[in-house]
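All remarks here apply to the structure that follows.
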Amino acid sequence: MGKRNVKGDIVHWSRDGYGEIVVADDGGVRSLYFGDILQSSIRLDRTGELVEDYSRAMMSPLIFRNDLRRVLLIGLGGCSLVHFLLSAVPDCSIDVVELRRQVIDVARDFFMMPDSPGIHVFHASGEDFIRERADRGTHYDLIMVDAFDEDGPAGPLLEKDFLTSCRAGLKEDGIFAINLWCRPKDNFPAVYEDLRQAFGNNALKLLIGEVYWNAIVFGSDNPQLFLDLPSYRPAARELQRKYGIDFPKYLKFLHWQNFR
């Protein structure tokens, strides 16, 4: 088992057909690793508080709309986004899709996956699920994709057909968010261009910082939604006050990285 990047005491190890699944505790923070790559973390005493900067950045869609009623999350991981969403928008219906059965089991056994009538967990592939929902005419306020294996973002979830289905699955003013990596081998510029085309050039990138691999991309079917980013400053400040997350920083990065 690769351990070089696993921090803390290992409390669980298993392997499925996609690789190693590791759970480790470090100072009150429990983290999920695929191999030795950190996937997500929760605070054991405050599960609704996001630990990782990338997961906080993924919640930037709240800057543009905080009236979420239906959310699709592809990739369960260590439940950090589920815990936050349940805390921030408790009346929201959340569909969670996870390809790996063992990840679902680990989430229940080690990450206090909420047992709530508003949360529906599906053992399925993200691409099959979103196409089936699109065919049904099901639409979401927010679609979040945070699905990785030991080597990076799940390849099928970067395909044009999947991205097109996600766009079709959004409600009016709905937002798509995907967590990616921007290592040299990931060819982020080409992936981002594919995403821009899939959303009719109505996409934004958010590179969190030089010390992080993560890059978040947002898309929408509404060409007006992202045009005037400075107008969202009051909303970002209010969200910072409410959740203790530096949303003004993310909004500033979005403006600098996309319009300058």
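The values are calculated or read from the model by the stated rules, or taken from the named source; none is laboratory data. All values derive from a computational prediction rather than experimental measurement. Note that each Cβ is placed from the backbone with ideal geometry, even for glycine, and that neighbours are counted across all protein chains shown. Heads up: the accessible areas ignore ligands, DNA and RNA and are worked out on the full protein's heavy atoms, side chains in. Shrake-Rupley method; radii C 1.70, N 1.55, O 1.52, S 1.80 Å.
Note that segment 74-224 presents 43 Å² accessible area per residue, ligands and nucleic acids not counted, probe 1.4 Å. Extension gain for the segment Asp161 to Lys7, taken as residue separation times 0.36 nm less the Cα-Cα distance, is 51.7 nm to one decimal.
Taking all protein chains as shown and a probe of 1.4 angstrom, Ser220 keeps an accessible surface of around 0 Å².
Only protein heavy atoms count here; on that basis, with a 1.4 Å probe, Trp213 has an accessible area of about 120 Å². Can you give the % of DSSP beta bridges in the chain that are antiparallel, to the nearest 5? Within the chain, antiparallel bridges account for around 65 percent of the total.
Overall, the accessible surface of the chain at a probe of 1.4 angstrom is composed of carbon and sulfur to the extent of 46 percent.
Dipole orientation for the chain: of the candidates Ile94, Pro248, Gly137, Pro248 has the Cα lying most toward the positive pole (charges on Cβ; Lys, Arg +1; Asp, Glu -1).
Only the Cβ atoms of Lys and Arg (+1) and of Asp and Glu (-1) were treated as charged; on that basis the dipole of the chain about its Cα centre amounts to roughly 740 debye.
The shape of the chain comes out rounded: with a ≥ b ≥ c from the C-alpha gyration tensor, a/c is under 1.5.
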